[in-house]
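The values are calculated or read from the model by the stated rules, or taken from the named source; none is laboratory data. Predicted model, so just to flag it, every value in this text is computed and none were measured. Cβ coordinates were reconstructed from backbone atoms using ideal geometry, including for glycine residues, and neighbour counts include every protein chain displayed. Note: areas computed on protein heavy atoms with side chains; ligands, DNA, RNA excluded. Shrake-Rupley method; radii C 1.70, N 1.55, O 1.52, S 1.80 Å.
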Amino acid sequence: MIGIIFGPPGSGKGTQAAKIEEEFGLKHLSTGDILRHEVASGTAVGKEAARIMAAGDLVPDELIVDIVRRRLPDAEAGAGVLLDGFPRTLAQAKALDRMLADEGHRVDFVIALDVPEKDLVDRILHRAKVEGRADDTREAITERMHEYHNLTEAVLDHYRTQRVPVELVDGVGSPDQVFERIRRAIGISSR
């Protein structure tokens, strides 16, 4: 099974993806975590990504697609994979579709978390303070919101036209409340 958890920065994708991974055995593949690891390791990819993320811009499609292409085969082992932070653009979605088609797979579902922008900004600023994430500045947040609305919402439309179930889920409330909505939205009953 191949799923995507989707939503603007601060919507709770990582929190919910971890819950889905734990309960349903889907491997959580977070491009944000991968990029932060590359930055912390000081790799060439990490240095370039750090510069781009500090400005609040999206890392170029080619770089992200290459990272996912290298990590996806390992992540697909087992029950499947839940992608978090990818695809963020229409070009990335089409590249993912081609990668999956080569393996005889396709995206099975998309969960789109919906959270008011004021709540998102508050969450991200809190996360920056708690986790020490230097890329979560007010300026970077504003730019990421702009990028999200201009680029990544087209990904939802793409999957709708591909007849992939796209479930819009209210992302406000406790993590457990949101997770219960996700479970209902994709028709998965608890074990």
- [ ] Provide the convex hull volume over Cα atoms per residue for the stretch 106-160, in Å³.
- [x] 109
Task: For the chain, with +1 on Lys and Arg beta carbons and -1 on Asp and Glu, the positive-most of ALA91, GLY78, VAL59 along the dipole - done: GLY78
Task: Cα-based convex hull volume of the stretch 1-145 per residue, rounded to whole Å³ - done: 110
Task: Derived scalar couplings ³J(HN,Hα) [the stretch 14-28; Karplus, 6.51 cos²θ - 1.76 cosθ + 1.60; whole Hz; x for Gly, Pro] - done: x, 4, 6, 4, 5, 5, 5, 4, 5, 7, 10, x, 7, 6, 7
Task: Per-residue HN-Hα couplings for the stretch 140-148 [Karplus 6.51, -1.76, 1.60; θ = phi - 60°; Hz; x = Gly/Pro] - done: 5, 4, 4, 5, 5, 5, 4, 4, 4
TODO: For PHE6, enumerate residues with amide H under 5 Å from its amide H, sequence gap 5+ or separate chain, H modeled in the peptide plane.
DONE: ILE111, ALA112, LEU113
Task: Placed amide H near HIS28: partners under 5 Å, 5+ positions off or other chain - done: LEU82
Task: Estimated [θ] at 222 nm from DSSP helical runs (n ≥ 4, -39500 (n - 2.57)) normalised by residues in the chain, nearest 500 - done: -17500 deg cm²/dmol
Task: Values of log10 I(q)/I(0), in the order q = 0.16, 0.17, 0.25 Å⁻¹, for the stretch 1-64 under a Debye, Cα-only, solvent-free model - done: -0.62, -0.69, -1.09
- [ ] Would you list which lysines come within 27 Å of LYS27, measuring only between C-alpha atoms, while excluding same-chain residues fewer than 8 positions from it?
- [x] LYS13, LYS19, LYS47, LYS94
Task: Net dipole in debye of the chain [+1 Lys, Arg Cβ; -1 Asp, Glu Cβ; about Cα centre; nearest 20] - done: 180
- [ ] With a bin width of 10 angstrom, please list the P(r) values of the stretch 60-191 as percents of all Cα-Cα pairs, from the 0 bin to the one holding the largest distance.
- [x] 10, 34, 38, 16, 0
- [ ] Starting from the coordinates of the alpha-carbon atoms of the stretch 20-102, obtain the Kirkwood hydrodynamic radius over all distinct pairs and give the value in Å to one decimal.
- [x] 13.4
Open item on the list: Considering only protein heavy atoms and a probe of 1.4 Å, how much of the accessible area of the stretch 122-178 is carbon and sulfur, as a whole percent?
Closed with: 50
